[in-house]
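This report refers to the structure that appears directly beneath it.
Read the figures in this text as sums done on the coordinates, not as results from a lab. If you're wondering where the values come from, they're calculated on a predicted model, not measured in any experiment. Don't worry about glycine lacking a Cβ; one is built from the backbone with ideal geometry, like all the others, and counts go over all protein chains shown.
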Amino acid sequence: MRAYVSAGKLKFLNGLQYRSAAAAGIATQFFWGFIYIMIFVAFYSQPTAIQHPPSLSLPDLVAYIWLQQAFLAFIVLWFRDQEIFGLITGGNIAYELCRPCGIYELWYAKLLASRLASAILRCLPILSIAFFLPEPYRMNPPASAASLALFAASLALGLLVLVAVSMFIYISVFWTMSPVGSTLLIGVVGEFMAGLIIPVPLMPDWLQRIAYALPFRWTADFPFRVYSGQIPLQEASFGLAIQLAWLVVLIIAGKLLIKRALRQVVVQGG
Amino acid sequence: MRLYFKYLAILFKSQMQYRTSFWLLAFGQFFIPFFVFAGMYFLFQRFGQIQGWSFAEVALCYGVIHMAFSLAECLARGFDAFSTLVAGGDFDRVLVRPRGTIVQVLGSRFEFTRVGRLLQSVLVLGWAIANVSVEWDAAKAVTVLFMIASGVFIFTGIFMLAATLCFWTIQGLEVANIFTDGGREMAQYPLTIYEKWVRVFFTFVIPFGCVNYLPLMYVLGRAEGSAVLYMLAPLAGAAFLLPCLWIWRTGVRHYRSTGS
């Protein structure tokens with residue numbers, strides 16, 4: 001365990017070095033946030049929306065968008081570690097296999113740490129400004145202390161689920177040898193189903209049912225709606241259990257898969 | 001110009017060496033904007049329209065912008081990836097050759113995989129043209145072509161500006177994404193739905209308004225006054241490239257090699 005923690009720590013400190021990149025990222029994310037909110041404000045001012053208000057109210061949606069921008073590193077699947085791809089396709093996986101620790105755990109710790117570092121640099125500035133923006137851009141505080149606590153728990157669990165999902169992208173490279181093509185599809189479908197393109201409650205009903213059946217929405221959609229109280233407390237605490245179940249299933253599946261991949265691994269020479 | 005096509009031929013051959021990877025990437029490039037478009041469709045399904053614009057009208061806007069973006073990304077990819085050229089010191093080689101810098105940088109990269117994105121935007125544009133309630137005539141068709149061309153010019157200009165910044169910063173700048181990717185996402189809806197500061201910025205500083213709003217009003221028959229003015233608005237967008245070219249030249253003169 002200690003080995004994984006220190007591997008993660010190294011990656012975390014390494015990630016904290018990219019501060020100017022983070023500053024640029026913050027500016028970009030503010031721009032996206034504003035544009036998305038303007039588009040949704042325009043949609044919500046439609047007469048149909050006023051007569052039949054969507055289940056997600058506009059202030060809840062604004063919080064949803066800002067949280068999404070602030071914790072982008074926790075929820076996107078295109079956030080990738082080129083180093084691991086390089087290990088597999090370049091043949092240095094051989095060294096990795098010699099290490100006296102599990103490869104799944106090691107990569108998991110590294111991926112988790114780099115996402116944490118990136119999010120920590122970005123989330124505080126974005127959130128602290130978003131709370132003081134003029135209406136309609138202002139982000140509301142959490143519904144209650146309880147929903148804040150549940151939000152923090154579900155965001156953390158969501159991050160663990162997301163890293164477990166992203167492990168599949170790396171494992172698939174053992175077979176495809178190219179990090180781009182096949183992984184692109186996992187990424188695009190996963191992000192859509194997580195509600196990153198349009199929030200899950202605004203999807204048509206049939207699509208919502210699909211989204212609810214997949215693990216992706218537990219990484220982004222669920223914590224963000226817990227924050228604004230749009231998912232009531234009781235349902236939210238039940239949701240935490242589902243997140244935990246997904247996490248266990250995904251990790252076990254990932255470990256089985258990587259075992260199979262390693263049994264037939266071909267070390268790429270060169 | 002002949003040199004440029006020669007560059008393209010070479011790059012095409014080299015990219016076709018990895019055929020499966022090429023098709024997978026092109027496939028992916030088709031699907032990424034497809035999901036964005038699907039998201040847009042679902043929103044319209046729920047809300048009906050957006051400030052008086054119907055789905056087909058916005059789809060027209062979307063098709064034009066995405067087509068312009070994918071063409072610009074194909075053509076001007078060399079500028080987009082320019083930071084690697086500067087950071088590696090390879091720009092020195094470009095400078096000593098007896099040809100213009102712009103042609104060489106343009107020819108240094110060409111992403112043929114972007115045909116996926118291009119195909120998607122062609123489909124959307126075709127669907128929108130068939131479904132939008134407009135009496136099409138030659139003038140309107142020409143206006144749409146102008147819109148696309150002008151969009152290509154604007155995106156190329158932005159890629160160029162971002163590349164010029166590399167002369168000073170050496171690194172590529174993520175902020176430039178606001179104007180390329182951000183500009184694309186923003187301009188897929190008509191400009192009127194945004195707040196005033198966004199509208200002003202994207203009409204007078206970066207003239208997306210001349211691509212996706214003014215001529216669109218004419219095409220949809222909503223424009224008042226002289227039609228010619230609306231038709232020619234895309235030209236103003238194309239004029240955006242001129243200052244970009246000038247800044248690029250200044251940048252080249254300021255270039256100091258990293259010397260590695």
Quick one: angle between helix B:19-47 and the longest Cα principal axis of chain B, in degrees between 0 and 90, rounded to 10, please. 30
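Please state, rounded to one decimal and in Å, the Kirkwood hydrodynamic radius that the range B:51-157 gives when every pair of distinct Cα atoms enters the mean of 1/r.
15.6
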Looking only at other chains, what is the average number of their beta-carbon atoms within 10 angstrom of each beta-carbon in B:193-206? 2
Restricting the range B:5-71 to chymotrypsin sites (Phe, Trp or Tyr not before Pro) in coil, as DSSP defines it, with at most 12 other Cβ within 10 Å: B:TYR18
May I ask you to derive the relative contact order of the range B:89-217, considering only C-alpha pairs under 8 Å and at least 6 residues apart, and to give it as an integer percent? 21
Peptides A:226-232, A:33-39: what's the order by average Cβ count within 10 Å, highest mean first? A:226-232, A:33-39
If the reach is capped at under 18 angstrom between alpha carbons, list the aspartates and glutamates near A:LYS11, excluding any in the same chain fewer than eight residues apart. A:ASP81, A:GLU83, A:GLU96, A:GLU105
Rg to Rh for chain B: what is it, with Cα atoms only and Rh by Kirkwood? 0.99
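State whether chain A is rounded, prolate or oblate according to the following rule on the C-alpha gyration tensor (a ≥ b ≥ c being the square roots of its eigenvalues): a/c under 1.5 gives rounded; otherwise a/b larger than b/c gives prolate, and the remaining case gives oblate.
Cα axes put chain A in the prolate bin.
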From other protein chains only, count the Cβ atoms within 10 Å of every residue's Cβ in A:49-58, then give the mean. 1
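Please list the three semi-axes, largest first and in whole Å, of the ellipsoid equivalent to the range B:21-64, using sqrt of 5 times the eigenvalues of its alpha carbon gyration tensor.
They are 27, 11, 5 Å, listed largest first.
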List the lysines whose Cα lies under 27 Å from the Cα of B:LYS6, skipping any in the same chain that are fewer than 8 positions away. none
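Got a sec? How would A:THR28, B:THR250 order by Cβ neighbour count within 10 Å, fewest to most?
Values: A:THR28 19, B:THR250 10.
Placing the least packed residue first, the sequence is B:THR250, A:THR28.
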Just checking the output field for B:32-44: average partner chain Cβ neighbours within 10 Å of each residue's Cβ? 4
How fast does the range A:90-176 diffuse by Stokes-Einstein, in µm²/s, taking the Kirkwood radius from C-alpha pairs at 37 °C and 0.692 mPa s? 204
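For chain B, which longest stretch is free of loop sites, where a loop site is one of the GluC sites (Glu not before Pro) that DSSP puts outside H, G, I, E and B and that has at most 11 other Cβ atoms within 10 Å? Can you show the working numbers first?
On the way: sites that count: B:GLU135, B:GLU224.
Within chain B, the longest run free of exposed GluC sites (Glu not before Pro) spans B:1-134.
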Values of log10 I(q)/I(0), in the order q = 0.05, 0.08, 0.12, 0.13 Å⁻¹, for the protein assembly as shown under a Debye, Cα-only, solvent-free model: -0.22, -0.57, -1.30, -1.49
How long are the three semi-axes of the equivalent ellipsoid for the range A:112-263, computed from the Cα gyration tensor as the root of 5 times each eigenvalue, in whole Å, largest first? 29, 18, 16
